[in-house]
Amino acid sequence: MRLKVDFSSLHRAVKKMGADKIVVENPLKPSIPELDPIDIELTESGIEIQLQDIEVRSGLIAYKGRQVLLYIQDHGERAPVALGTGVSPYKYHISECCTLKDMRAKNRFERYVVTNHLSHLSGDF
């Protein structure tokens, strides 16, 4: 059974809005957008940043427009102790908090990493 659908009203509405016409070569084949290099880094190893590079949007931490987790990757001597107890050595930040404000005040920016890839992180948030 062949369906006949009249989209003329929709096309008129689109034209009235002034939208550009998009030509799709094969509408059945999905188009895959190219990923921004920042998105690739954020989902793989994360990006080392300065605290001044993060934005706070509605209380949540963002980096270049992307919502992220912020943490210190290298915990030095404390990591083996934490790993031995099964407790994650990482403290994750998803929003502006007193710890981040304190780190800014002390100019301790050097070790922070942002990511939005959750599967490689362990522990409680």
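The values are calculated or read from the model by the stated rules, or taken from the named source; none is laboratory data. Since we're looking at a predicted model, the values are computed, not measured. Don't worry about glycine lacking a Cβ; one is built from the backbone with ideal geometry, like all the others, and counts go over all protein chains shown. To get the accessible areas, we keep the full protein, side chains included, count just its heavy atoms, and leave off ligands, DNA and RNA. Shrake-Rupley method; radii C 1.70, N 1.55, O 1.52, S 1.80 Å.
Before moving on, here are some points about what is shown:
- Within-13-Å neighbourhood charge of L35 [Cβ basis; K, R +1; D, E -1]: -4
- Per residue, segment 19-63 exposes 83 Å² of accessible surface when a 1.4 Å probe is rolled over the protein heavy atoms with every protein chain present.
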